[in-house]
Amino acid sequence: MNPKVQQQQKKPSWKVHAYFLDACNCDWGCPCQFNAKPTHGNCEGIAGYHIVTGSYGTKVKLDGLNMALIASWPGPLHEGRGKASYYIDNRADERQFEALSNIITGRAGGGPFAVYASIIEEILEPKKASVKFQTEDIRSRVTVSGTSEDKKRRIRGEQSKNVIAEAWLEPIRNPVTGKAHRAIIEIPDGFESTRMDQASMKTLVANDGYLSFRYEGTYGSFSENTWKGP
């Protein structure tokens, strides 16, 4: 192959330092973290990302931007057959949108996103939305809001205004005493994170016309990570 053509086809390198909020319908701790079967047989949830600093290639800066995904699997994640929809911060310009779209769908290669891509078979292509990420450790919150036109196309739900996805963490409470637990999962070889602060869900809801669910009191986690690729 011509070296010039090969260079053109090479994927840009990327790197992000990000806060990661993970939430699903499993019990606290989430068996999926250990390649075990989901608590209720299936797994569906929301992931939110706030990029503290980041870059894609040599010219595209990603600092301060957010993104999110909604995903669902009919069984254990490693068995695949997943579905997902992706949302990119509407503050992103055209180049940033393309970069974040390539990263979150796994097309850029590397990070946990390449693993997700290997177990997700059906996707809705990324689109811009208002993606808000409130960073408050195990009280963090990610909210995805669409346009008024998106709202008309969605299945009617109970969530207020224009919210199409929301995951809001709260501390795990001792069911007997009501005291807040402080729990951490450490997985040295974890593909998402090596250290995750454990939480419960105050709110976990998605309703974007493609995936729809609502839970509370289920699994949540918050972590700080550095990912790169390809």
Practice prompt. Within the range 51-89, track down each residue that is at pLDDT 95 or above and of a type in the set (Ser, Thr, Tyr).
Written response: Thr53, Ser55, Tyr56, Ser72, Ser85, Tyr86, Tyr87
Discussion item. Among (1) of a type in the set (Gly, Ala, Ser); (2) assigned to a loop (DSSP other than H, G, I, E, B); (3) modelled with pLDDT of 95 or more, there is one condition Ala36 misses while meeting the rest; what is its number?
Written reply: (3)
Worksheet item: So which residues in the range 84-96 are farther than 27 Å from Arg214 by Cβ and in contact (Cβ under 8 Å) with a residue 24 or more places away in the chain, if there are any at all?
Response: Arg91, Ala92, Arg95, Gln96
Practice prompt. Could you tell me whether any residue of the range 109-123 is over 26 Å from Pro74 (Cα atoms), in contact with a Lys or Arg (Cβ under 6 Å, 6 or more places away or on another chain) and at pLDDT 95 or above?
Written response: no
Practice prompt. Please determine, by comparing only the residues of the range 159-169 that are surrounded by fewer than 19 Cβ atoms within 10 Å (Cβ to Cβ) and over 19 Å from Ser72 (Cβ atoms), which one is modelled with the lowest pLDDT.
Written response: Ser160
Response to the item:
Gly54 passes all but one of the listed conditions (1) closer than 25 Å to Ile119 by Cβ; (2) in a loop (DSSP other than H, G, I, E, B); the exception is number (2)
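Among the listed residues Ala92, Ala68, Ala84, which satisfies the condition of being under 16 Å from the mean Cα position of the chain (by Cα), closer than 16 Å to Lys132 by Cβ and surrounded by 15 or more Cβ atoms within 10 Å (Cβ to Cβ)? Can you show your working first?
Details: Ala92 fails: under 16 Å from the mean Cα position of the chain (by Cα); Ala84 fails: closer than 16 Å to Lys132 by Cβ.
Only one candidate qualifies: Ala68.
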Worksheet, complete the sentence: In the range 184-230, residues that are among the small types (Gly, Ala, Ser) and outside any strand (DSSP E or B) total 4
Discussion item. Tell me yes or no: at least one residue of the range 3-25 is surrounded by fewer than 23 Cβ atoms within 10 Å (Cβ to Cβ), touching a strand residue (DSSP E or B) at 6+ places or on another chain (Cβ under 9 Å) and of a type in the set (Phe, Trp, Tyr).
Written reply: yes
Worksheet item: Looking at Glu186, is it without any contact (Cβ under 8 Å) to a residue 60 or more places away in the chain and crowded, with 18+ Cβ neighbours inside 10 Å?
Response: no
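Residues of the range 48-83 being of a type in the set (Gly, Ala, Ser) and in contact (Cβ under 8 Å) with a residue 60 or more places away in the chain, which ones? If you could, list the steps in order and put the result at the bottom.
Keep residues of the range 48-83 that are of a type in the set (Gly, Ala, Ser), which gives 48, 54-55, 57, 64, 68, 71-72, 75, 80, 82.
Matches in the range 48-83: Gly48, Ala68, Ala71, Ser72.
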Discussion item. Can you pull out every residue in the range 191-206 that is open to solvent by less than 30 Å² (accessible area, probe 1.4 Å) and within 13 Å of Glu224 (Cα to Cα)?
Written reply: Glu192, Ser193, Met196, Asp197, Gln198
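The values are calculated or read from the model by the stated rules, or taken from the named source; none is laboratory data. Predicted, not measured: the structure shown is a model, and the values here were computed from it. Backbone-built Cβ (ideal geometry, glycine too); neighbour counts: all protein chains shown. The accessibility values were calculated without ligands, DNA or RNA, using every heavy atom of the protein model including side chains. Shrake-Rupley method; radii C 1.70, N 1.55, O 1.52, S 1.80 Å.
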